[in-house]
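Structure first, commentary second.
The values are calculated or read from the model by the stated rules, or taken from the named source; none is laboratory data. Everything numeric here is computed off the predicted structure, so don't read it as measured data. Cβ: placed from backbone, ideal geometry, glycine included. Neighbour counts: every protein chain shown. Note: accessible area is taken over every heavy atom of the protein model, side chains too, but ligands, DNA and RNA are not part of it. Shrake-Rupley method; radii C 1.70, N 1.55, O 1.52, S 1.80 Å.
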Amino acid sequence: MTDIDARIALTGGRDFWNTHALPDADLPAMTMTDGPHGVRLQVASADHVGINESEPATCFPPAVGLASSWSPAMLAEVGAALAAECRALNVGVLLGPGMNIKRSPLCGRNFEYFAEDPLVAGELASALVNGIQSGGVGTSVKHFAANNQETDRMRRDSQVDERTLREIYLRGFAKVVRSAKPWTVMCSYNKLNGVQVSENHWLLTEVLRDEWGYDGVVVSDWGAVWNRVNALKAGLDLEMPANQGHEDAVRAALAAGEIDEATIEQAAGRVEAMVRKAMAGREGATDSFDVDAHHALARKMAEQCVVLLSNDGVLPLKPETKVAVVGEFARTPRYQGAGSSRVNPTRLDNALDAIQALVGHEVPFAPGFTTAPGQELAADAHDRAIAVAREADVVLAFLGLGESHESEGYDRETCDLPAEQLALLKELLSANPNVVVVLSNGSSVLLPFADKVRAIVEGWLLGQAGGSALADVLYGVVNPSGKITETIPRRLEDVPSFLTFPGDLTGVRYGEGLFVGYRGYDAARTEVEFPFGHGLSYTTFDYSGLAVTATDAGLDVSVTVTNTGTRAGREVVQAYVSLPSSRVERAPRELKAFADVTLEPGEAAVVQLPIPSEELAYWSVLDGAWIVEGGTYTVEVGASSRDLRLSAEVALTGNEPVRPVTLNSTLEEAFAVPGFAEAIGGMVSGIFGEDDPDLMRMMAAMPLAALVGFSGRPESEVQALLDALNAQNR
Ligand code: BGC
């Protein structure tokens, strides 16, 4: 192999999961694998859709579960354990986390994503990346960018206006790139505003590298490259998996002068640096990991992820409560999503066994329904479920979505639970009103029964130890503390993206703009089933003493939280910000900080919620820059986006540029600039008469150019006046 051939080879995979080895340069091959919530190392047949078995590894809760903890510290701990498993399995880069915004609950892959909000996604992804990379193993934040659905995912054009793109879909990625420096960023399959992402120079070079300062590797999603020459020129470094045809095309393009050696060398150099980092990370690696300790960590993590959506006091159960367990999910847990992220767990807890272990005896169980196509259900299964329900004090109904209901590769068509489960629940309720619903699902489902059941426990997907965590929460061994990071709507039609998801062959228009998730529900004042940030506890928390001060760096926010109940508990405290006087389109409130605090009964603590100024900025399309508007901001602090306990106002100067007044500026804009009213007021009253407020209101939106026309004064004279005043105001 010539030198340049070797460099070209490095810009593509050797096979499905490995980079090329360059023996002459003492560079071994490096393995990348999914991810993200466990290591999916395939040793026999490789595939990227989760078909073939992989080596056993701990299956931690997938992102949907992890996110509900709102705990960067716990995610960092999980990250460190993932790194240990990667080292044991000789994996250099774990392909995750996924951090796309949940634009619609229908997205088939929402279980792999964190939130409908970029702050939550960005903070949690950063924590996970830091955790993994601190163990000498690389990560791949994905799928960059605007890959918010599975329908036609390899071709569809995501059409997103620039402000929405910057503030909602790129903001989390910017945070993780800046604060955690992921070894790789994985470019997504889709097109973005007409350009295939793998060939999108604006995204991969101008934004990612020039603006955010990224110096790692851009790797393609598996099969996302259509033309490696164009991709390399756009800023991609590594095409995966291997593609000999594309490699040959680069060689031909080099010979034809269509790509220069420097572009190839730059990409190859980055890949080489990554492999060398992985080599350094492997120093001292052993070939095993502590299976028990990691299972225990998966359980501790899952305990923080469970969300108590509603509870009239029936929970926690007492060990002596006579329960019946209904629903196959209690015995056959749904604990992770389908597709490339599927992990082969080291062991698997189920809730039924865990409940029985906890109460010390067998409890009546009836599967009631099947969870996967082909599963057998006894003819009397239904009657048996009703019979056990009738005999119990409390019925624990384990409902949810099966693997085939939501998966990588396709989107859901409905937000409903399967009809047979809803029908069964109805009958259970007529047999026994004391039903507690326990859910397993990777993305929101509608809960039309919310006010008919006594409690709802949202288990999302909790990984291999989720069954034990659920039992612990039901019986109060663990006090639930998770909160939802996606709104649970009342109707699918209420979802802000409803009208334009998933688009058609001409593309998907992100028509709701900035108003994704709670931003949209709040703006339209739509009733929801459970709002973003919601989650209950077995104890109660009081909020007091909100203090907000403006500093050069942003806002210092602090609040005192007191545990006013009788159990120790963890509260996730959220700070939302709004600017009522804003002159740009905005959501009524946006999450700008969060923190958790664990308190004994009666204990109080001051919780700090610092908000850096960059979090307050909006993307000004006019200026092509992040701008903090001056004005009086409202900071609301509370337990969810719709349970805001305290609020305070704070004045901020902002950094808005003084925009020069031009002939294109309106009268209103001109009058807002010091000196202009005096200078051009005469011209205005000369045309429209003195002091007529109604007339002035009508004229406020008139550009100066039009006014000049009416005044009969030469444009050059007015332009000179504007130049002089602009110079004074600079
Ligand atoms: C997925 C990626 C994954 C890759 C490798 C793709 O289909 O979109 O998330 O990392 O396959 O399995």
* Within segment 50-72, is even one residue polar (S, T, N, Q), within 14 Å of the ligand (Cβ to nearest atom) and either at pLDDT 95 or above or surrounded by fewer than 24 Cβ atoms within 10 Å (Cβ to Cβ) (or both)? -> yes
For segment 218-237, pairs from a residue that is on the phi > 0 side of the Ramachandran plot to a residue that is within 16 Å of the ligand (Cβ to nearest atom), with Cβ under 8 Å and 6 or more apart or across chains, are 223/48; 223/154; 223/189; 223/241; 235/218
Of the candidates 278, 253, 249, the one satisfying the condition of being under 29 Å from the mean Cα position of the chain (by Cα) and either part of a loop (DSSP other than H, G, I, E, B) or at negative phi (or both) is 278
Result of the Cβ filter at 7 Å on segment 153-181, keeping first residues that are under 19 Å from residue 198 (Cα atoms) and partners that are hydrophobic (A, V, I, L, M, F, W, C) and surrounded by fewer than 18 Cβ atoms within 10 Å (Cβ to Cβ), at least 6 apart or interchain, is 162/621; 174/212; 177/212
Screening 138, 122, 108, 98 for residues that are of a type outside the set (Phe, Trp, Tyr) and over 23 Å from residue 488 (Cβ atoms) leaves only 138
The number of residues in segment 238-268 that are open to solvent by less than 50 Å² (accessible area, probe 1.4 Å) and either of a type in the set (A, V, I, L, M, F, W, C) or more than 16 Å from the ligand (Cβ to nearest atom) (or both) is 15
Scanning segment 173-190 for residues that are small (Gly, Ala, Ser) and more than 15 Å from residue 626 (Cα to Cα) gives 179, 180, 188
The one condition residue 364 fails out of (1) of a type outside the set (A, V, I, L, M); (2) within 36 Å of the chain's Cα centre (by Cα); (3) open to solvent by 10 Å² or more (accessible area, probe 1.4 Å) is (2)
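I'd like the full set of residues that are of a type in the set (S, T, N, Q), open to solvent by 10 Å² or more (accessible area, probe 1.4 Å), within 16 Å of the ligand (Cβ to nearest atom) and assigned to a loop (DSSP other than H, G, I, E, B), limited to segment 309-360.
The answer is none; no residue qualifies.
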Residue set 286, 321; condition among the hydroxyl-bearing types (Ser, Thr, Tyr) and under 26 Å from residue 140 (Cβ atoms); output residue 286
The number of residues in segment 197-230 that are among the aliphatic types (A, V, I, L, M) and more than 16 Å from the ligand (Cβ to nearest atom) is 5
Per the list (1) closer than 19 Å to residue 460 by Cβ; (2) assigned to a loop (DSSP other than H, G, I, E, B); (3) not aliphatic (A, V, I, L, M), residue check on residue 65 breaks on (2)
The lone condition residue 140 fails out of (1) open to solvent by 10 Å² or more (accessible area, probe 1.4 Å); (2) not in a helix (DSSP H, G or I) is (1)
Selection over segment 603-627 where residues are within 24 Å of the chain's Cα centre (by Cα) and among the small types (Gly, Ala, Ser) yields a count of 4
For segment 367-401 the number of residues that are surrounded by fewer than 14 Cβ atoms within 10 Å (Cβ to Cβ) and closer than 28 Å to residue 60 by Cα is 4
Exercise. Would you check if there is a residue in segment 94-110 being outside the structural domain of residue 512 (by TED's automatic domain parsing), in a strand (DSSP E or B), open to solvent by less than 10 Å² (accessible area, probe 1.4 Å) and within 14 Å of the ligand (Cβ to nearest atom)?
Key: yes
Within segment 156-185, the residues that are open to solvent by less than 10 Å² (accessible area, probe 1.4 Å) and in a strand (DSSP E or B) are 158, 184, 185
Residue count, segment 463-478, condition under 13 Å from residue 62 (Cβ atoms) and either free of Cβ contacts under 8 Å to residues at least 60 places away in the same chain or open to solvent by 10 Å² or more (accessible area, probe 1.4 Å) (or both), comes to 0
Exactly one of 47, 5 is part of a loop (DSSP other than H, G, I, E, B) and either of a type outside the set (Val, Ile, Thr) or away from the ligand (no atom under 13 Å from the Cβ) (or both), and that residue is 47
Those residues of segment 560-579 which are assigned to a strand (DSSP E or B) and farther than 22 Å from residue 648 by Cβ amount to 563, 569, 570
